[in-house]
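The values are calculated or read from the model by the stated rules, or taken from the named source; none is laboratory data. Keep in mind it's a predicted model, so treat the numbers as computed, not measured. All Cβ positions, even for glycine, are placed from backbone atoms using ideal geometry, and neighbour counts span all protein chains on display.
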Amino acid sequence: MKNIYIIGVFFAAICNAQVGINTNTPAKTLDVNGALNIRKEIRTGGTPNTTGAEGTSGQIFSVEGPTSDTWKTFQIANGTGSLSLYYLNTVKDNVGIQFTESGSTGIYTMDFPYSSANWTYIPGITDSFVVTRTDNKSKAILSFQTTVQIAKPAGLSWTSGSASYACGIFVEKDGAQGVLKAVRNDVVRGIPGSYRVYNLNVTLDALAAGSYVVKAACTNRNLGSGSSLSTLGIGRPVDTSNLNNAMSQSTLTTSMLQTY
């Protein structure tokens with residue numbers, strides 16, 4: 001009976017050019033209705049006269065079309081530690097924040113919890129991503145940019161002023177309170193309406209699996225006092241004679257990488 005069964009399958013293959021395993025209605029040349037166990041290589045691109053390619057170490061099988069599936073080599077960007085990009089997004093904000101008095105000029109401590117008494121979040125600069133790998137090799141690369149401007153408060157007559165400030169990145173994991181992960185302070189000086197572009201680039205390494213929310217916040221440091229007091233706008237124009245909302249907007253670009 002076993003020999004008769006094999007001859008029957010061979011005859012069906014000649015007549016129909018299709019072979020079904022565990023199915024009487026094969027849809028393709030070989031139709032397997034069940035699990036497939038392959039003990040050696042898969043070869044592609046063969047002809048009646050040549051053997052197909054079995055691929056090399058590190059290649060992956062690429063499905064490109066009905067007749068062009070083959071082995072492909074994928075180059076991982078140098079310097080990323082064999083990580084692949086899993087998330088890329090940019091958020092923008094045109095509201096910004098404004099300060100009208102000096103604040104603390106003290107130092108900042110990493111992993112310190114967010115406090116509205118010391119920091120102010122930029123309203124639209126918040127993003128979220130999920131790390132699924134459990135190997136603690138994932139990383140997020142954050143690029144924050146905004147425009148900072150000084151203005152002369154009504155009733156004052158100074159012709160050259162200055163204001164110092166700081167901006168930082170706070171990270172919330174799995175719903176916990178945000179903690180400071182990066183910070184840089186700076187100063188803007190000049191005539192009323194002077195402004196400058198502020199950049200903060202951050203890499204968060206060795207991320208554990210979980211849900212993350214990243215936010216940008218800023219704080220006022222020394223804005224002067226009395227007749228030398230300045231108004232400070234971050235991501236917001238405080239003197240519209242040479243700056244508007246579009247020119248002063250804030251952006252945060254997040255790139256999250258994981259092992260392939």
In segment 133-170, the residues that are more than 12 Å from Ser230 (Cα to Cα), touching a Gly at 6+ places or on another chain (Cβ under 9 Å) and assigned to a loop (DSSP other than H, G, I, E, B): Lys137
For segment 96-138: of the residues being within 17 Å of Glu172 (Cβ to Cβ) and charged (D, E, K, R), which is surrounded by the fewest Cβ atoms within 10 Å (Cβ to Cβ)? Asp111
Determine if segment 217-230 includes at least one residue that is in contact with a Lys or Arg (Cβ under 8 Å, 6 or more places away or on another chain), in contact (Cβ under 8 Å) with a residue 12 or more places away in the chain, assigned to a strand (DSSP E or B) and in the same structural domain as Thr132 (by TED's automatic domain parsing). no
Yes or no: segment 226-235 includes at least one residue that is farther than 21 Å from Gln98 by Cα and at pLDDT 95 or above. no
Selected residue (criterion: nearest to Asn220 (Cα to Cα)) from residues of segment 182-196 that are over 28 Å from the mean Cα position of the chain (by Cα) and hydrophobic (A, V, I, L, M, F, W, C): Val187
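Yes/no per residue for (1) within 22 Å of Arg221 (Cα to Cα); (2) in contact with a His (Cβ under 9 Å, 6 or more places away or on another chain); (3) charged (D, E, K, R):
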| residue | (1), (2), (3) |
| --- | --- |
| Tyr121 | yes, no, no |
| Ile125 | yes, no, no |
| Asp135 | no, no, yes |
| Ser138 | no, no, no |
| Ile141 | no, no, no |
| Gln145 | yes, no, no |
| Thr159 | yes, no, no |
| Ser162 | yes, no, no |
| Gly168 | yes, no, no |
